[in-house]
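One structure below.
The values are calculated or read from the model by the stated rules, or taken from the named source; none is laboratory data. Source: prediction; values computed, not measured. Heads up, the Cβs are rebuilt from the backbone with ideal geometry, glycines too, and the neighbour counts pull from every protein chain shown. These area figures cover heavy atoms from the full protein model, side chains too; ligands, DNA and RNA do not enter into them. Shrake-Rupley method; radii C 1.70, N 1.55, O 1.52, S 1.80 Å.
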Amino acid sequence: MSKLLEKEKLLPWLEQLAGERVLIAPTRVEELTLFAPVKDATEIVLDYENTALSPKEWLFPSTEVLFTIARKDSTPELVEKTIAERYVIFGIRPCDAKGIAALDLPFLSEPADSLYAQRRAQTALIGMSCLKPAPQCFCAAMGSAPNDASNVDIMLTEVEEGYLVEVVTEKGQGLLEGVELKEVDIEPPPCPDTAAVPAEGITEVLTRVFNDPFWARLADRCIHCNICAYVCPTCYCFDIRDYTAKGNTERIRTWESCQSPGFTRIAGGYDPRASKESRLRQRFYHKLCYFPEQFSGPLGCSGCGRCVVHCPVNIDIREVITRAQEIGREASAASG
Amino acid sequence: MPQAAEQGSPFVPKLATMRGAADLTPDIKLFSFELDDPAAEFDYKPGQFAFVSAFGVGEGPFGLCSVAYRKERLEFAIRRVGTVTNALHRLEPGAKVGLRGPFGNYFPLEDYRGKNIVIIGGGIGMAPLRPVINTLLDHRADYGHILIINGARSPADLVFQPEFETWTKASHTTLELTVDRGDEAWTGRVALVPQVVAELHPSPENSVAIICGPPIMIRFTLQGLKALDFANEQIVTTLEGKMKCGLGKCARCNVGDKYICQDGPVFNFEQISSFIEQF
Amino acid sequence: MSEDFAQQIREKARELLEKGEVTCVIGYETGTDGRTARPAFIYDAADADRLVFDNTCTHNLAKYLLNKKGQPTAVVVKACDARALNLLLGEKQIKREEFFAIGVVCPGVVESGWMRQGETLQLRCQGCTEHTPPLYDFLVGEPAEEPAPEPSYEDVAEIEGMELEGRTEFWAKQFERCIRCYGCRQVCPGCFCIDCFAELLDPEWVGIRIAPPEKQMWNLIRAFHLTGRCIGCRECERVCPVNIPLSLLNRKMEKEVLRLFGFKAGMSPEALMPLATYSKEDKLGIGE
């Protein structure tokens, strides 16, 4: 027996939540589907494969004030930010929820990033499982699945009669207070397939193919923008700078990407990753090798495929993984 | 890794007051800071670094060059080279800065007891080596011969000149200075650091070499030490990289899978040669 | 036709590589979706068969020559891309003797993206009246008689027709989506500064916040820096992950430059950029 939320009850429930928390849901903006704060449930779109940008910006904003330095007489006073709002993100796909679970690793590891920790604790995730993945999706190869409920508080699965409701956490249970769910005997739809990508053992393989000319050839067409990193649900590199206005200084953090020229350049000019090849290789190595090693955990990629769709020059992480595995096998064969 | 006790955001520094800024060379000053809140005092060891904030301008990582157990003020030798360092150089005594630290690992000096120590520094590279030297000299009897090779571009650029007398006078300790080019008053050695290493040919037997300086100096000094049969594990250095957080979170300072702020900055060359990525 | 073009390009690439005249041929190959093109770098004559030419060959490959300085390189260019070659030559970023331009009389490319091959020609192609590249060493396709170019700026006129408040609101809404990914800048052949003004710390012109005021400044100043230099490939707009109609800004500036200076960027390598040049004939707008 499972729980069902009838179709016509969905939007009223979300509007009720919007009265208590900031509701973030998929909306239509100029032919794009983007997560945005929603007051009126009619703004919410339900027919989408996935949003153009990931929802990571609600936990890790593209720009955020770390703390303020207020000047009182000649002594500065450092004022930390507190996050007052509570959020609920509706319609998050399993790949993006996995992305948030991945971001937890650097941001919540000691010493925890207090801003991220507050947002994380104060955000509830209502997932929507994927009935029909897009051609770029490969979440299963990255350890998740179109119906993976492990990283959300509630997982909804659309069926003809409404939405099957899987309550995953206590936080999720709390969101459903006062909501009438029916007990039904409906089988969830079979989990669809996603693109096969040979990711098994990729971390170990990468440690052996670091110096292969493949990386330089791949970097030839990379234009070193930040698109892949910014649309990605698991990329988290950031920059920090001070800004002063009217005597008060804000130390702010913004997204940055290892692809930008100058990412690793120090004052004086020395740059250990000056070459295109080294910068491009760094992104794949960070996600697929260093990240899982640093946190003894999952790959830093959840298979959402946004980078595949948005890269202006078709640098495709699935192709990279496949090729790296091939090179790894050739290298093993060669050394006997 | 020993880290500062955290309450709240690990990005928020502790307030400190600049108590002194002594000119060491035309572009290097030795800063000393006092934490405003005595409860914020932290322990640290040679090799570790801290972030110093010039509020309104930015924050940078600098090696601590004072010695914690001496109960000295927190000292940093900082070269004026970019926006943050220029801002620090403009500060007057009494100015407020932010301090976050300590970060990183440290030189395992206790493991080197009973050994001969060769310390090789170039220019501002002497900064993290100074607390090493002072700690060793404070525990003189625990170590064998200490050879210090201190090089710079010119005589005016030699770092820590006020301490040369103390270092020279220490027992069983040799201080060798060298410059790339001399001036009218200079009567000392004019040679590149790796050349001095070759000339003095310290023995690798029961020795450890600790080197720090510009990448090119490290590269050639390393070659020179290998030529003298120093093994990779016997040569130790401290790496620098562009850093923003110091916490292993901004994913910028890595050399391969090693983060300079977490796994370093102190590494020996056996470790460095097995890095997946060239430094 | 596209198969024939591809054949010619492959043969030329093979010839150039086998003779050692170039070390690399930059062209197009089919990407991982099996149907749309992506840039290809061919170093070996044996790989020349990877090269294609079809209506998804939208990328402007001219800018890649900046990564090949000192190495003789061939590059496949459509007419719009060849204007970028003239721009880079005129601004002394590439040397004529270091590249071999394989020009293509391109019939136009469609709106495309990964797994998306549209049927309508891109707007820039619909309005194109100069299909023959202004610069080439080898031409694929036949130059055809074309009517004198009469540029149409309907899309720009629509924005110009709005009241100031409407325009302000329109652009504020567009730039709100901007994430400062710099895709527009990185793909643009006119943007090649080693340190972009938008990221400088000292002096700090804009600041790095990804917030509305900075995003407006970033996009508007970039449009100014391209004034009189933009060659109209509209790659900036294609790559924008949040569909900001960037080319409207560039085309507005293009229209003004045409009106004030009678100048169109990228038509010849010797042409001097109006905003970077002073000539006695310049109108000062005073007492005229």
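Tabulated data for the structure shown
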{"read-out": "Selection from A:247, A:53, A:142, by position along the positive dipole direction of the protein assembly as shown (Cβ)", "value": "A:247"}
{"read-out": "Cα gyration tensor shape for the stretch C:1-132, rounded if a/c is under 1.5, else prolate or oblate", "value": "oblate"}
{"read-out": "Chains C and B, summed buried accessible surface - 1.4 Å probe, Å², nearest 100", "value": "100 Å²"}
{"read-out": "Selection of trypsin sites (Lys or Arg not before Pro), the stretch A:243-315, meeting DSSP coil and at most 10 other Cβ within 10 Å", "value": "A:246"}
{"read-out": "Where C:217, C:162 fall by accessible area, highest first, once all protein chains stay in place (1.4 Å)", "value": "C:217, C:162"}
{"read-out": "For the stretch B:73-97, residues shielded by at least 20 square angstrom of accessible area compared with the chain on its own, probe 1.4 Å", "value": "B:81, B:83, B:96"}
{"read-out": "Nearest-10 value in Å² for the accessible area of residue C:202, using the 1.4 Å probe", "value": "110 Å²"}
{"read-out": "Stokes-Einstein D in µm²/s, Kirkwood radius over Cα pairs - chain A at 4 °C with 1.567 mPa s viscosity", "value": "60 µm²/s"}
{"read-out": "Sequence-separation-based contact order of chain C, relative, with Cα cut under 8 Å and 6+ spacing, percent", "value": "16 percent"}
{"read-out": "Range in chain B, longest, excluding exposed GluC sites (Glu not before Pro) [loop by DSSP; at most 11 other beta-carbon atoms within 10 Å]", "value": "B:1-183"}
{"read-out": "Normalised contact order of chain A, rounded percent, pairs of Cα under 8 Å and 6 or more residues apart", "value": "20 percent"}
{"read-out": "With every protein chain in place, the protein assembly as shown: carbon and sulfur % of accessible area (1.4 Å)", "value": "51 percent"}
{"read-out": "Among A:299, A:181, A:53, residue whose mean-square fluctuation peaks in a GNM of chain A (springs only between Cα atoms under 10 Å)", "value": "A:181"}
{"read-out": "Average other protein chain Cβ within 10 Å of Cβ, residues A:250-257", "value": "6"}
{"read-out": "Zero-based 10 Å bins, Cα pair distances in the protein assembly as shown, whole percents", "value": "2, 11, 18, 21, 20, 16, 9, 3, 1, 0"}
{"read-out": "Residue among C:155, C:195, C:54 with the largest mean-square fluctuation in a Gaussian network model of chain C, springs linking Cα atoms under 10 Å", "value": "C:195"}
{"read-out": "Residue among C:51, B:94, A:1 farthest towards the positive dipole end of the protein assembly as shown, charges placed on Cβ", "value": "B:94"}
{"read-out": "Rounded FRET efficiency, nearest 0.05, which uses the C-beta distance separating residue A:186 from residue A:334 and R0 of 60 Å", "value": "0.65"}
{"read-out": "Accessible area that becomes buried as B packs against A, both chains, 1.4 Å probe, Å², nearest 100", "value": "3500 Å²"}
{"read-out": "Beta bridge orientation in the protein assembly as shown: antiparallel %, DSSP, nearest 5", "value": "65 percent"}
{"read-out": "Net charge, residue A:302 excluded, C-beta distance under 12 Å - Lys, Arg +1, Asp, Glu -1", "value": "+3"}
{"read-out": "Simple Cβ-charge dipole of the protein assembly as shown, Lys/Arg +1 and Asp/Glu -1, about Cα centre, in debye nearest 20", "value": "2080 debye"}
{"read-out": "Size of the C/A contact, given as accessible area buried on both chains, probe 1.4 Å, in Å²", "value": "3300 Å²"}
{"read-out": "Occluded residues from the stretch C:187-233, i.e. those whose accessible area drops by 50 Å² or more once the chain is not alone (1.4 Å probe)", "value": "C:201, C:208, C:209, C:210"}
{"read-out": "Residue-level accessible surface for residue A:73, protein heavy atoms, 1.4 Å, Å²", "value": "150 Å²"}
{"read-out": "In degrees, nearest ten, helix C:212-225 long axis to first principal axis of chain C (Cα)", "value": "60 degrees"}
{"read-out": "Cα lying deepest toward the dipole's positive end in the protein assembly as shown, options B:207, A:196, A:214, charges on Cβ", "value": "B:207"}
{"read-out": "Neighbour-limited loop hits for trypsin sites (Lys or Arg not before Pro), the stretch B:105-178 (at most 15 other Cβ within 10 Å; DSSP other than H, G, I, E, B)", "value": "B:113, B:153"}
{"read-out": "Net dipole in debye of chain A [+1 Lys, Arg Cβ; -1 Asp, Glu Cβ; about Cα centre; nearest 20]", "value": "1440 debye"}
{"read-out": "The stretch A:16-62: GluC sites (Glu not before Pro) in DSSP coil with no more than 11 other Cβ atoms inside 10 Å", "value": "A:31"}
{"read-out": "Most mobile of C:60, C:243, C:219 in a GNM of chain C (Cα contacts under 10 Å)", "value": "C:243"}
{"read-out": "Given B:226/C:68; A:7/A:39; A:132/C:63; C:95/C:264, the pairs whose alpha carbons are separated by over 29 Å", "value": "B:226/C:68; A:132/C:63"}
{"read-out": "DSSP bridge pairs, chain C: antiparallel proportion in percent, nearest 5", "value": "50 percent"}
{"read-out": "Antiparallel DSSP beta bridges within the stretch A:118-213, as percent of all bridges there, nearest 5", "value": "65 percent"}
{"read-out": "Given A:72/B:45; A:56/B:258; C:12/C:78; B:29/B:71; A:56/C:215; B:249/C:215, the pairs whose alpha carbons are separated by over 24 Å", "value": "A:72/B:45; A:56/B:258; B:249/C:215"}
{"read-out": "Accessible surface ranking that places the most exposed of B:29, B:71, A:7, C:283 first, with a 1.4 angstrom probe", "value": "B:71, C:283, A:7, B:29"}
{"read-out": "Lys, Arg +1 and Asp, Glu -1 on Cβ, resulting dipole of the stretch C:94-221 about Cα centre, debye, nearest 20", "value": "580 debye"}
{"read-out": "List B:167, C:205, ordered by accessible area with a 1.4 Å probe, largest first", "value": "C:205, B:167"}
{"read-out": "Distance between the stretch C:234-288 and the stretch A:318-336 - C-alpha centres, whole angstrom", "value": "49 Å"}
{"read-out": "Rounded FRET efficiency, nearest 0.05, which uses the C-beta distance separating residue C:272 from residue A:21 and R0 of 51 Å", "value": "0.30"}
{"read-out": "Overall form of the stretch A:268-336 per C-alpha gyration tensor (a/c, 1.5; a/b vs b/c)", "value": "rounded"}
{"read-out": "Proximal charge balance of residue C:104 [Cβ under 14 Å; K/R count +1, D/E count -1]", "value": "-4"}
{"read-out": "Cβ-defined net charge surrounding residue C:58, 12 Å radius [Lys, Arg +1; Asp, Glu -1]", "value": "+1"}
{"read-out": "Mean accessible surface per residue for the protein assembly as shown, computed with a 1.4 Å probe while every protein chain stays in place, in Å²", "value": "42 Å²"}
{"read-out": "Degrees, to the nearest 10: C:247-261 long Cα axis against longest axis of chain C", "value": "80 degrees"}
